[in-house]
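The structure under discussion appears below in the form of structure tokens.
The values are calculated or read from the model by the stated rules, or taken from the named source; none is laboratory data. Given the structure is predicted, the values throughout are model-derived calculations rather than measurements. Cβ placement follows ideal geometry from the backbone for every residue including glycine, while neighbour counts extend to all protein chains displayed.
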């Protein structure tokens, strides 16, 4: 059957658009969650929406599962392939089709990077607000799939708040459009259901995004604290004062150590925590609010405050923050990036409990996160060569479930994917999960579109993909692995 499928895929995308050499397939065996790897049977690289539809149709007709993939920067295993399945890579669909500055919108293909949208519309005084840390390389199709946010989602919201419509290919190969120019359309919100569905309801082929005018003034402040508790209390005080900054980020000692080793962003080494607060808007409003924020930082015991409106200085500060995940590789050979949400008022409690869980596991955790909306990104550091993978995985899952126990959720922006599917029952009851599954089945009754994601299954939760561990009989030399 796979040979017949290959022929159909070649017809769909051309012989140069089908990869099946083992060395080529290895590049697609995981996303940013590198602890889990699966090698697909084929990778296809269509160049047009019609070719995407033809590839999906071929998979559907042969009953072969497929997974859409953007830049592979996801951190929850959402783009993990299916063994003997197909990966549909959208990297060749990179056109910015239209820029409409009057109506503040642009039409782009799914392979366009997040940052390239902002660069393309900058001459019109506009920008695209969602800004994941990987925005230089992550693509808009993946942003739609995961409902990505970024540092400035506190004030400006997530991808779902910045999309007018999407052209998609449904799991049976049917092209359709979800959403439109009006936000007041009758009927169910199919666009809202699709955004954040993690590639389980279809494949994006075009996105019409909303654009915003550049703010008149932007000011950035970095405040150091001698405890994460004091930094967390400051965040609560800022929001409690009625101030909604564009961004409020926090990094702890380990995260700062990694960032300074990697990019020398200018943060103070050795401090327990640093807050990055950015305000934007009319110049007078920004100046007034910045003074209020600085006062609140001092009231809560900041040890140093640095403020700047200089674009180069601001860029340096944000370069450090957005390099944090990659920079952790300087201080640990392996790490899991977790993503959970807690109420702002429970930030201190969450961070304290995460520290206790890390001590119990005998592992280190670096914290760097969107403090303004309680979106935690603990990085669980471990050494796979030393046999620490399973312990780290358990700690990472425990942190995600802790967020739920504290009144939050399993994910803020990285998604559930493979990583947290087995924890879904911690947040949702069976009736909730059944309703979600019915929605998914309405789009994909055959279950071929990115299967094994989001929902707990006996196979997934009993045999998590990841590093191979030999059976005791194999270790004893009594059986062989085939």
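Would you pick out the residues in the range 92-109 that are in contact (Cβ under 8 Å) with a residue 24 or more places away in the chain and either in a loop (DSSP other than H, G, I, E, B) or under 15 Å from residue 127 (Cβ atoms) (or both)? Selection gives 92, 93, 96, 99, 101, 104, 105, 106, 108, 109.
Which residues, taken from the range 144-169, are in a loop (DSSP other than H, G, I, E, B) and buried (at least 19 other Cβ atoms within 10 Å of the Cβ)? Within the range 144-169, 147, 148, 149, 151, 152, 158 meet the criteria.
When residue 141 is tested against (1) buried (at least 24 other Cβ atoms within 10 Å of the Cβ); (2) farther than 12 Å from residue 413 by Cβ; (3) in contact with a helix residue (DSSP H, G or I) (Cβ under 8 Å, 6 or more places away or on another chain), only condition (3) is not met.
Scanning the range 442-461 for residues that are at pLDDT 95 or above, assigned to a helix (DSSP H, G or I) and surrounded by 15 or more Cβ atoms within 10 Å (Cβ to Cβ) yields a single hit, 443. Looking at the structure I just gave you, is residue 439 outside any helix (DSSP H, G or I), in contact with a helix residue (DSSP H, G or I) (Cβ under 8 Å, 6 or more places away or on another chain) and under 27 Å from residue 138 (Cβ atoms)? No; evaluated as a whole, the condition is false for this residue. Being assigned to a helix (DSSP H, G or I) and within 22 Å of the chain's Cα centre (by Cα) is a description that does not apply to residue 411. Put simply, of 293, 271, 286 the only residue that is under 31 Å from the mean Cα position of the chain (by Cα) and either part of a loop (DSSP other than H, G, I, E, B) or not assigned by TED's automatic domain parsing to the domain that holds residue 241 (or both) is 271.
Of all residues in the range 13-30, those being farther than 14 Å from residue 90 by Cα and buried (at least 21 other Cβ atoms within 10 Å of the Cβ) number 1.
Looking only at residues in the range 118-130 that are crowded, with 21+ Cβ neighbours inside 10 Å and touching a helix residue (DSSP H, G or I) at 6+ places or on another chain (Cβ under 7 Å), the one that is nearest to residue 339 (Cα to Cα) is 130.
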